[in-house]
Amino acid sequence: MTRLPVVSSKQIIRVLQSAGFEYAPKRGKGSHLAFVKRDEDKTRLVIVPDKKDIPKGTLLAILDQAGISKEKFIELLNQ
C-alpha cells in the first residue's frame, strides 16, 4: 500500500497544475483556492485550503475530487 507524505498546499497546487488543472479565482473564498479541469464529458472542481500542512483526510478528499490516484499523486509530486 502506498503511503502518502505530509504535503503543503503549494505542493498540492503544483501537482494539480501538472495534471492539467487551472486556477479558478472566482470559485475560492477566504483561505481556500479553487482549481478546475474540463474534459470532454466532465468538469472537475477541486478546493484546496491554503495551509502549510494538509491533513491526510483532506488530501485524500482532494485526490478523490481531482480523480487522481495516490500512486499518480506521488509520481507527479516527485517530478
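At-a-glance table
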{"item": "The range 1-30 residues that are modelled with pLDDT under 90, paired with ones that are small (Gly, Ala, Ser) and outside any helix (DSSP H, G or I) (beta carbon under 7 Å, 6 or more apart)", "result": "ALA24/ALA34; ARG27/ALA34; GLY28/ALA34"}
{"item": "Some residue of the range 47-65 being modelled with pLDDT under 90 and either on the phi > 0 side of the Ramachandran plot or basic (Lys, Arg) (or both)", "result": "yes"}
{"item": "Any chance THR58 is polar (S, T, N, Q) and within 11 Å of the chain's Cα centre (by Cα)", "result": "yes"}
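The values are calculated or read from the model by the stated rules, or taken from the named source; none is laboratory data. Here the structure is a predicted model, which is why all the values come from computation and not from measurement. So basically every Cβ, Gly included, is an ideal-geometry build from the backbone, and we count neighbours across all protein chains shown.
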